[in-house]
Amino acid sequence: ATSSGCLWELVPVSCMAASPESHASANGHQIKQLTIAELKAYNGVEGQPVYLSVRGQVFDVSTARDFYGPGGSYEVFAGKECARALALMKLDVESCTDDLSGLTDRQVQTLQDW
């Protein structure tokens with residue numbers, strides 16, 4: 001996803017140095033890395049942008065704030081990694097995780113279709 005010319009990716013906290021780092025992608029764009037804790041701040045509350053992550057790729061969905069922002073049908077995804085929720089087609093906080101263990105082949109395919 002692009003945001004102000006930057007690509008974003010989610011990285012585990014254990015992979016992070018004291019501050020987020022950037023590195024170049026294959027097409028030369030700078031990729032900024034966010035932790036899950038940092039991603040939580042991008043939930044649309046108090047005018048913040050709305051980001052969500054799917055399998056570590058962070059998407060700026062601020063233009064669809066009516067859907068993903070506070071009060072929206074998909075607000076549960078705002079500021080979260082939501083791969084499992086998408087695979088299971090669930091709209092609950094507990095499913096908003098990158099843990100794909102125990103998914104069926106069909107559920108994994110559902111996630112890939114996103």
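Need pairs with beta-carbon distance below 8 Å; first residue touching a residue at least 60 places away in the same chain (Cβ under 8 Å) and within segment 41-54, second assigned to a loop (DSSP other than H, G, I, E, B) and buried (at least 18 other Cβ atoms within 10 Å of the Cβ); sequence gap 6+ or separate chains.
Taking only residues 6 or more apart or on different chains, the pairs are V54/C82.
Would you mention how many residues in segment 61-98 are charged (D, E, K, R) and under 13 Å from the mean Cα position of the chain (by Cα)?
Count: 5.
Failed condition for L103, given (1) of a type outside the set (F, W, Y); (2) surrounded by fewer than 20 Cβ atoms within 10 Å (Cβ to Cβ); (3) under 14 Å from the mean Cα position of the chain (by Cα), with all others met?
(3)
If you take the residues of segment 49-96 that are of a type in the set (G, A, S) and within 22 Å of Q107 (Cα to Cα), which of them is most open to solvent (accessible area, probe 1.4 Å)?
S73
The values are calculated or read from the model by the stated rules, or taken from the named source; none is laboratory data. Fair warning: this is a prediction, and the values are worked out from it, not measured in the lab. Here Cβ is always computed from backbone atoms with ideal geometry, including for glycine, and neighbour counts include all displayed protein chains. For the accessible areas, the whole protein counts, side chains as well, though only heavy atoms, and no ligand, DNA or RNA atoms are used. Shrake-Rupley method; radii C 1.70, N 1.55, O 1.52, S 1.80 Å.
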